[in-house]
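What follows is a set of notes on a single structure, which appears directly below.
The values are calculated or read from the model by the stated rules, or taken from the named source; none is laboratory data. Everything numeric here is computed off the predicted structure, so don't read it as measured data. FYI the Cβ positions are ideal-geometry reconstructions off the backbone, even for glycines, and counts take in every protein chain you see.
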Amino acid sequence: MMGTGRKTGKTGKSGIEERFASRFLAKQEKTSAKYLRRVEELGEMPEALAPFLDTLRRVYVDMALPDALRGKTLIGTYCVMAPQELVYAAGAVPVKLCSGNYTAFSVGDGNAPRDACPLVKAVEGFCETGLMPIYRDCALMAVPITCDCKKKIAGMLAARSRVFPLQVPAGRDDGDITQYVEELYRFAGILEDVTGSEISWETLASGMRQVGRAQYELSRFLAWKKARHGLMWGTHILAVMHAASYLPADVWASSMRRLNDELEAKGEGSGRPASRKRPRLMITGSPVIFPNIKVPLLIEELGGILAADETCMGERGMSDPAVVVDESFDGMMRALANRAVRPCSCPTFADNTERIYRIRQMVRDYDVQGVVYHVLRGCLVYDFEYQLVEEVLGEMGIPVIRLESDYNEEDVEQLKIRLEAFIELIKFRA
Amino acid sequence: MNRNRKRLSMVLVLAGITLLVLLSGRIPFWTYDERVLTTDIEQFFSPEHLVRLLPLAVIILAAAAAITGICWIRKRYREQDSMRARYEGMRSSGRAGKRQGRQKVSVFSVIRWSVMVVFSLLIIFGGIFFGFTIFGIDIPVLSCPTNRSQLMESSCYFLAHLPDLFAEYDAVSIALFFGSTILFALLLGRVLCGFLCPMGLVQDLVHLLRQKLKIEGFVMTEADYRKLVPVKWLLVLLMPGAVFAGGNFCDFCPALAVSPVISGLKVSLYFSGFMMILVLVGSFFKRRAWCNICPLGLMIGLFHRLSPFRIKKEPTACTECGACYEACPMGIKMIYTEREKTDVTDWNCIMCGECVKCCPEDHALALAFAGKKIYDASRKRVVSGYQDSEEQADFGRLSGAGAEGAGGDGAGAR
């Protein structure tokens, strides 16, 4: 599968296309392997971290499906607002397709407009080349329309795959929830059509249980992380969260349980990154997605620690549970819609002051000393909110640095100099 | 134009309700020629007493029929819409069994339900089981059918019959009446509604039945709740006012079909019987429907600022997920939108604790008595149903290691 399967993306390709494909794959694998190596080189790695890194290695370096996904109907989702519970209810497995891939980005760069965000360009690149199995094998792609780029990518993807755009409301009021419930009913219908299996009260309840298991373990982890600062490298935690994109929730949950058990057993003992005093940074802003983890890696390689992350592909993406208050089918759908819209601190919403409160709370919970505001070039919605975040953190006396970056390694040296200075500044203040 | 039409329809609805309250004594549901009170246990189980419970059976049957009818009509209506029709079978069919992943029962819920059941039994049957007088005080104190001579706390009856109060009692008794009523309202506030009221118990039981049957409820939005506000205030006016216009609020009040009838008072039911059917149907689809317009509850709620029972909020811990608002039977929205104040007690709040129960953020919401938190929000509790029972993953040991960690079960702190 690994050797031959990856080259079957396109039919009847010419020699040039084949050469392009092999170059693409080689470059892609090299970058991903390099970042995985850097993740490992941070050291102080819990043993139970291995399955998560293996998953990332399998998807990005081996370019194959993880075993747990073999033979399953895959549904691609692009955002926390597409409820995974519904996908499980339809007997399929959701994979998160938001991409941080540099090689795919360079392909997509040629097709998408210059000012489009790199995430969307990378997604476009993967779909365009058809070389990534996880993109190729999706029976449906659910794209919540959270910004203009996502809206256009939904249209572009439709040429190659079945796409369902989810209309995300611009507000979070009662009417918006009602509207999103309707949207989820439509989504459920499409899922049934695609998978051929029926969504019933029972399957939805078991879908919710499946995701709930993962959320239980994540909540357990976060409670532990709040109580023990510097439990793990932030980059390692990001790798754990990114692996969740390519694993069924129950498989991820049992790996997570082993990680929790190991951390618990370790207790106060050594082997924690925080055993030395390091400046505690938080990252917020545009999504940070493997393999584009240069910013978190730099933070930790330069002597800081990523104490908290407020990005949608990190902890935030899974931590809010759906709270069912009405035990009927509709009650569960409402709980899903409510969870997708109300606690979501995505800047797609016109009024997003709740994100400010969340950042304030996280600064307090994780004893954050400095905030890195990550902006992907072209990600306007996050950039819009920088000013307010800077203002509020300024009042709190927390320094902020805005890092604008793209999916390539050209700016690494510049990022390094700025981050180094920022970390020194925090050390000096402390 | 549209606005005027809305106003006009509101005025018409209010006028209709006023008329209904005033004429309720002329709309018989079940009448007897005389009033007889059951006073001992043997009599209570006698056949002629059981016959007195017949109106209750009629009310329950009628409510059940109405609920079935509404479900059927809703189904027909939705079949017009292809997208919705697809899930209609899921939406309103009864499903057996508990949903896996439901959060575990908390100590607070157990306490609330036990208090509610015990008090309802005491209010209704206390007199029969314990006699009607202890140390010269007539009991049960909160029951209007068996206890009219005692002024303390049987406020409900006298509030609806103020002329009786002023005609039959001297100034000291009247002062005692208002004093004791206000004292209880001050001390307990609407905890009375959430914990002690038999009407509340009945409504919660019907709600529980709907949850068990997995039937979809009616979702009320903020706009819907706003429409109830004039109705609430009208009923507050009518409760003591009806008697001056030749009416009798008790003939309208649905509670008449609860404690008096169950306690064995052979009492004629006028419009209250029909009201009770409405309340059963309403609270089946919308939790605590009657509480939303209950005039007595509103009057007690007016004193909420002074009650020692408070809902506390830690504004930054809140993620505005709205779970509390979804769970709130009174539709209090401010509880999740408020981001500055730490006290989010609303005059409509009945202290049922549902918001705290559903809040997934540690310490974001709490029910406090005199400044001490007695029921605290906890992520651990909300996700407790998802714990892998076979593998014995222990959340508690982990989070307990932190200062407060994920917070123990709030009620355990009592």
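Looking for something among the small types (G, A, S) and at pLDDT 65 or above - is there at least one such residue anywhere in the range B:146-163? Quick ask: steps written out before the conclusion?
Restricting attention to the range B:146-163, the residues satisfying the condition of being among the small types (G, A, S) are B:149, B:154-155, B:160.
In the following step, the residues that additionally are at pLDDT 65 or above were identified as B:160.
Within the range B:146-163 (the criterion being among the small types (G, A, S) and at pLDDT 65 or above), the answer is yes, since at least one residue qualifies.
Of the listed requirements (1) more than 9 Å from chain B (Cβ to nearest Cβ); (2) buried (at least 22 other Cβ atoms within 10 Å of the Cβ), A:V341 misses just one: (1).
Kindly establish whether A:A350 is more than 9 Å from chain B (Cβ to nearest Cβ), hydrophobic (A, V, I, L, M, F, W, C) and either part of a helix (DSSP H, G or I) or touching a Leu at 6+ places or on another chain (Cβ under 7 Å) (or both). No, not satisfied.
Among the residues of the range A:170-179, is any touching a helix residue (DSSP H, G or I) at 6+ places or on another chain (Cβ under 6 Å) and of a type in the set (D, E)?
Looking only at the range A:170-179, we keep the residues that are touching a helix residue (DSSP H, G or I) at 6+ places or on another chain (Cβ under 6 Å), and these are A:172, A:174, A:177.
From what is left, the residues that are of a type in the set (D, E) are A:174.
The answer is yes, given that some residue of the range A:170-179 is touching a helix residue (DSSP H, G or I) at 6+ places or on another chain (Cβ under 6 Å) and of a type in the set (D, E).
Checked against (1) in contact (Cβ under 8 Å) with a residue 60 or more places away in the chain; (2) assigned to a helix (DSSP H, G or I); (3) away from chain B (no Cβ under 14 Å), A:Q387 passes all but a single condition, namely (1). Scanning the range B:339-351 for residues that are away from chain A (no Cβ under 13 Å) and either in contact (Cβ under 8 Å) with a residue 40 or more places away in the chain or part of a loop (DSSP other than H, G, I, E, B) (or both) gives B:K341, B:T342, B:V344, B:T345, B:D346, B:W347, B:N348, B:C349, B:I350, B:M351. All told, B:G247 falls short of being of a type in the set (G, A, S), assigned to a helix (DSSP H, G or I) and farther than 20 Å from A:R334 by Cα.
For the range B:272-290, enumerate the residues that are part of a helix (DSSP H, G or I) and not β-branched (V, I, T).
Pass one, the range B:272-290, residues part of a helix (DSSP H, G or I): B:272-285, B:290.
Once the filter is applied, which keeps residues that are part of a helix (DSSP H, G or I) and not β-branched (V, I, T), the range B:272-290 yields B:S272, B:G273, B:F274, B:M275, B:M276, B:L278, B:L280, B:G282, B:S283, B:F284, B:F285, B:W290.
Scanning the range A:117-138 finds no residues that are away from every other protein chain (no Cβ under 14 Å), at pLDDT 90 or above, over 18 Å from A:M333 (Cα atoms) and surrounded by fewer than 24 Cβ atoms within 10 Å (Cβ to Cβ). When B:L208 is tested against (1) surrounded by 21 or more Cβ atoms within 10 Å (Cβ to Cβ); (2) closer than 30 Å to A:S200 by Cα, just one condition goes unmet, and that condition is (1).
Within the range B:362-376, the set of residues being surrounded by fewer than 24 Cβ atoms within 10 Å (Cβ to Cβ) and touching a Ser or Thr at 6+ places or on another chain (Cβ under 6 Å) is empty.
How many residues are touching a Leu at 6+ places or on another chain (Cβ under 8 Å) and closer than 23 Å to B:C156 by Cα if we restrict to the range B:204-234? Step through it out loud before you land on a result.
Initially, the range B:204-234 is screened for residues touching a Leu at 6+ places or on another chain (Cβ under 8 Å), giving B:206, B:230-234.
Okay, now just the ones that are also closer than 23 Å to B:C156 by Cα, so B:230-234.
Count: 5.
Do any residues in the range A:171-192 that are facing another protein chain (nearest Cβ under 10 Å) and more than 22 Å from B:R86 (Cα to Cα) have Cβ atoms under 8 Å from those of residues that are of a type in the set (A, V, I, L, M, F, W, C) and in a helix (DSSP H, G or I), where the two are at least six apart or on different chains, and which pairs are they? Listed by first residue and then by second, the contacts come to A:R172/A:V341; A:D174/B:A223.
Among the candidates B:A242, B:A223, B:A185, the residue that is assigned to a helix (DSSP H, G or I) and buried (at least 23 other Cβ atoms within 10 Å of the Cβ) is uniquely B:A242. Where helices (runs of 4 or more DSSP H) fall wholly inside the range B:291-338, the ranges with 1 or more residues that are under 26 Å from B:F218 (Cβ atoms) and within 14 Å of another protein chain (Cβ to nearest Cβ) are B:323-327, B:334-337. Working only within the range A:275-289, note down all residues that are at pLDDT 90 or above and either surrounded by fewer than 24 Cβ atoms within 10 Å (Cβ to Cβ) or not small (G, A, S) (or both). Result: A:P279, A:R280, A:L281, A:M282, A:I283, A:T284, A:P287, A:V288, A:I289.
Here are A:E264, A:E310, A:E268, A:E315: which of them is closer than 30 Å to A:K150 by Cα and modelled with pLDDT under 90? Quick ask: steps written out before the conclusion?
Numbers: A:E264 fails: closer than 30 Å to A:K150 by Cα; A:E310 fails: modelled with pLDDT under 90; A:E268 fails: closer than 30 Å to A:K150 by Cα.
After applying the criteria, what remains is A:E315.
Out of the range A:219-231, which residues are assigned to a helix (DSSP H, G or I) and more than 9 Å from every other protein chain (Cβ to nearest Cβ)? If the condition is that a residue be assigned to a helix (DSSP H, G or I) and more than 9 Å from every other protein chain (Cβ to nearest Cβ), then A:K225 is the only one that fits.
Here the range A:241-251 is the region considered, the condition is being in a helix (DSSP H, G or I) and touching a residue at least 60 places away in the same chain (Cβ under 8 Å), and the residue that is nearest to A:G100 (Cα to Cα) is A:H242.
Determine which member of the set A:R355, A:R360 is out of contact with any Lys or Arg (no Cβ under 8 Å at 6 or more places or on another chain) and facing chain B (nearest Cβ under 8 Å). Please lay out each step first, then the result.
Numbers: A:R355 fails: facing chain B (nearest Cβ under 8 Å).
Result of the check over A:R355, A:R360: A:R360.
The numbered conditions (1) in a loop (DSSP other than H, G, I, E, B); (2) under 25 Å from A:V59 (Cβ atoms); (3) basic (K, R) are all true for A:K121 except (1). Checking each residue of the range A:235-250 against the condition of being farther than 17 Å from A:R316 by Cβ, facing chain B (nearest Cβ under 10 Å) and among the aromatic types (F, W, Y) gives no match.
Taking the criterion of being farther than 21 Å from B:S384 by Cα and either buried (at least 22 other Cβ atoms within 10 Å of the Cβ) or polar (S, T, N, Q) (or both), the residues of the range A:245-272 that qualify are A:S245, A:Y246, A:L247, A:S270. The set of residues in the range A:136-159 that are assigned to a strand (DSSP E or B), in contact (Cβ under 8 Å) with a residue 40 or more places away in the chain and not small (G, A, S) comprises A:C138, A:L140, A:M141, A:V143, A:P144. Residues being more than 11 Å from every other protein chain (Cβ to nearest Cβ) and either in a helix (DSSP H, G or I) or within 17 Å of A:G314 (Cβ to Cβ) (or both): count how many of those fall in the range A:193-218. Number of matching residues: 2.
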